[in-house]
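The values are calculated or read from the model by the stated rules, or taken from the named source; none is laboratory data. Please read these numbers as outputs of a predicted model, since none were measured by experiment. Virtual Cβ from ideal backbone geometry, glycine too; neighbours counted across all protein chains shown. To get the accessible areas, we keep the full protein, side chains included, count just its heavy atoms, and leave off ligands, DNA and RNA. Shrake-Rupley method; radii C 1.70, N 1.55, O 1.52, S 1.80 Å.
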2 protein chains.
Amino acid sequence: MLSNSSKYALKAVLYLTLHSDEKNKMMVKDISEKINVPKAYIAKLLQQLAKRKIISSAKGPKGGFYIDKANRNQPIIAIIEVIDGKRRIESCMLGLEDCNLHRPCPLHSLISPSRTKMIQLLESKTINDLAKDLELNKSFLPD
Amino acid sequence: MLSNSSKYALKAVLYLTLHSDEKNKMMVKDISEKINVPKAYIAKLLQQLAKRKIISSAKGPKGGFYIDKANRNQPIIAIIEVIDGKRRIESCMLGLEDCNLHRPCPLHSLISPSRTKMIQLLESKTINDLAKDLELNKSFLPD
DNA sequence: GAAAAAACATGATATTAATCATATTTAAGA
DNA sequence: TCTTAAATATGATTAATATCATGTTTTTTC
Ligand code: FES
Ligand code: FES
C-alpha cells in the first residue's frame, strides 16, 4: 500500500508538526534520531517534500526544516503523492493500467469501495488532524 | 498492497478455474500465454500454489495444473497468503511490527476499518465466486 | 522398460526500491 | 567579507523483487 519511504516521510512530517514552527526549525540530524530513520535517507525525503512545499525549510546556520500554518492544513495524501506518486495508491489491484470501471478486474467490486473510502479519508484529513490525535494520546508514533 | 506475484497468481488461478477441471489439465505454457505472464515466472508461482494445495497438479504426459471442487471453494486470501505471506496484507500502515490496537499509529483509526473490511471480503469470497463474476461478464481478466 | 512429456526444485540474472555518501549552494554571524 | 552551519543536488551502493534458465523427478504411452 504505502512504500517504506512514504511511511518514513509521514513519520517525519508528523514529528515536525509537533516539534517545529517558523521559530523553531529542526535539523535533519535531530529528526533522524528522533524518528529512528537513517539520516541520509530521511534527508532525501525531506528535501523532496520541501521542494513540493509540503514542508518548509531554510538553508544555512539556524536553518532546518519546519512546518508552518499553511503546511499544517494540507491533506495527508499530499505526502504520499509526492513520495509514491498518485498511481501507486490508485492503481488497479490486478495491475491494470487504470482501475477502469467499464472493464473492472475480478477484485474491483470487492475492494474498490474500501479503497475509495481510504483515499477519501487521506484526502480529507489534514496533517494537523493527525498531529492533534498524537497530542491527545489517541495515537502514537512508532519507533 | 498486493505484490506483482500475487496478482499474477490470482490471474492464473482464475483462468484455471474457468478453463480446467480434473479431466482437463492445462500446461504452464498455455496458461502463461493466455494470461500474458512469462512462462518461467508463472511456473514458479503455480508450483508454490500446488504445493500448498491451493491448486492441483499432475506430473508427466497428460499432466498439468487444474482446479478441482475443493480448490474452487477456497477463499481468495489463501492465494495471497501463499505468495505474499499473511504479514504483508495485515501489517501496520506505518511499519509497526503488528498493527497494535493498544498503541495505534496515527493512520490506524483512519484506514484500519477499511482495511479490515477488505480482508474480510478476501476471506469470505471464494475463488469460485470470482470465477462466476467473470462468467457472467461482471468482471474481466486483465491482459 | 525406454522415451517423452509434464511438473518440480533450485539457482542465476536483472530490475527496482531502499540506503548511504559527498560535493555544492545558501545564509547567518563574527 | 570570511567562516561555518545548514539544506540541496546528485550519484553510488546495497537489498529486495521480479524475471529467467536449467537440471531432476514422475508418469504416461508404446
Ligand atoms: S479494475 Fe482492478 S481494482 Fe479496479
Ligand atoms: S497500528 Fe498502524 S495500522 Fe494499525
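Screening the candidates B:Ser124, B:Ser91 for the property of being surrounded by fewer than 17 Cβ atoms within 10 Å (Cβ to Cβ), within 11 Å of another protein chain (Cβ to nearest Cβ) and touching a residue at least 24 places away in the same chain (Cβ under 8 Å) yields one hit, B:Ser124. Only one of the numbered conditions (1) under 13 Å from the mean Cα position of the chain (by Cα); (2) of a type in the set (S, T, N, Q); (3) surrounded by fewer than 21 Cβ atoms within 10 Å (Cβ to Cβ) is violated by B:Ser57, and that is (1). The C-beta contact set for region B:74-85 (first residue acidic (Asp, Glu), second residue surrounded by fewer than 19 Cβ atoms within 10 Å (Cβ to Cβ), distance under 6 angstrom, 6+ apart or interchain) comprises B:Asp84/B:Ser3.
Looking across region B:1-46, the residues that are within 11 Å of chain A (Cβ to nearest Cβ) and open to solvent by 50 Å² or more (accessible area, probe 1.4 Å) come down to B:Asn4, B:Tyr8, B:Leu18, B:Asn36.
Within region B:86-143, the set of residues being among the basic types (Lys, Arg) and in a loop (DSSP other than H, G, I, E, B) comprises B:Arg103, B:Lys125, B:Lys138.
One line per residue, one yes/no per condition, for (1) touching a strand residue (DSSP E or B) at 6+ places or on another chain (Cβ under 7 Å); (2) within 16 Å of DNA strand C (Cβ to nearest atom); (3) closer than 24 Å to B:Asn24 by Cα:
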| position | (1), (2), (3) |
| --- | --- |
| B:Tyr66 | yes, yes, yes |
| B:Lys86 | no, no, no |
| B:Leu94 | no, yes, no |
| B:Pro106 | no, no, no |
| B:Ser109 | no, no, no |
| B:Pro113 | no, no, no |
| B:Leu121 | no, no, no |
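For A:Ser32, are the conditions met, namely being closer than 24 Å to A:Arg88 by Cβ, in a helix (DSSP H, G or I) and among the polar types (S, T, N, Q)? Here the answer is no, as A:Ser32 does not meet what is asked. When the criteria are applied in full, B:Arg115 fails the requirement of being within 11 Å of chain A (Cβ to nearest Cβ), closer than 30 Å to A:Asn128 by Cβ and either more than 16 Å from ligand 2 (Cβ to nearest atom) or open to solvent by 70 Å² or more (accessible area, probe 1.4 Å) (or both).
Is there a residue in region B:24-39 that is at pLDDT 95 or above and under 14 Å from the mean Cα position of the chain (by Cα)? No - not one qualifying residue is present in region B:24-39.
When the test is whether a residue is open to solvent by less than 40 Å² (accessible area, probe 1.4 Å), more than 11 Å from every other protein chain (Cβ to nearest Cβ) and modelled with pLDDT of 95 or more, A:Leu49 passes it. Screening region B:60-80 for residues that are within 16 Å of DNA strand D (Cβ to nearest atom) and in a loop (DSSP other than H, G, I, E, B) and picking the one that is least open to solvent (accessible area, probe 1.4 Å) gives B:Gly63.
Could you please give the count of residues in region B:127-143 that are within 16 Å of DNA strand D (Cβ to nearest atom) and surrounded by 17 or more Cβ atoms within 10 Å (Cβ to Cβ)? Counting residues in region B:127-143 that are within 16 Å of DNA strand D (Cβ to nearest atom) and surrounded by 17 or more Cβ atoms within 10 Å (Cβ to Cβ) gives 1.
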